[in-house]
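Please treat every number below as a calculation from the coordinates, not as lab data. These numbers were taken from a predicted model, which means no experiment stands behind them. As a convention, Cβ positions derive from the backbone with ideal geometry for all residues, glycine included, and neighbour counts pool all protein chains shown.
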Amino acid sequence: MEFTSVLFYVFAAIMVLASLRVITAKNPVHAALFLVLAFFNAAGIWMLLKAEFLAIVLVLVYVGAVMVLFLFVVMMLDINIDRMREGFWGYLPVASAVGALIVLEMAAVLYRAYNQTDLSAEAAALNIGGTKELGLLIYTKYIYGFEIAAVILLVAIIAAVALTLRKRKDTKAIDPGLAVRVKRNDRLRIVKMDAVNQRAIDEAAAQKAAAEAAAAAPKEAP
């Protein structure tokens, strides 16, 4: 067995285990970290396929930006883990059906890709990581899917912001509209006060203290 084959099986095994831990971990932060591990191993597989551009994009974009955003959102939401796990087994049939549908769709895509005869394996291997070929495919053949994915990501960002800024009793937030409509007189109040002679106050306090001390001292016998 070649060394590249050994690396492929190692990366694939670690990625499968990390993917399983993503859906089985009780702590959402741990699940996000396992997802980062799965992304790194997927990038290693892309490197083995000589798709350096896809590997670097996977690490920089998903691990460096998207997963950091996920971690911030998870930490800010203050999720009640016990409440989330209530009724977990009730959703198992629906989740199994959706998972089976996704597996069938991926199998259909792979079956169609293996049956294509217009490109040889060597040509496909040479063009798999080229930015020019990827750009032409994304903005011509897969433009609708690319735009739909962009809209879904935008909706996810808006939903994350809405969930973070929802009204809760344990958070302090201000209304931006009230902050914009504020006036000068609402923020600043000028109060006129009489001048105070601090030196005279200090001298009077000292005299009072001396008088109290003298009164408290014992009188001398005649």
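The share of C-alpha pairs in region 179-219 whose separation exceeds 14 Å stands at 70 percent.
In terms of the ratio Rg/(2.2 N^0.38 Å) built on C-alpha atoms, what value belongs to region 22-69?
Taking N as the residue count of region 22-69, the ratio is 1.20.
Computed from phi, the 3J(HN,Hα) profile of region 31-42 under the Karplus parametrisation 6.51, -1.76, 1.60 (θ = phi - 60°) reads 4, 5, 5, 5, 5, 4, 4, 5, 5, 5, 5, 5 Hz, with x in place of Gly and Pro.
P(r) tail, region 1-81: Cα-Cα pairs separated by more than 19 Å, 43% of all pairs. When each of the peptides 52-65, 194-207 is scored by how many other beta carbons lie within 10 Å of its residues on average, the order from highest to lowest is 52-65, 194-207.
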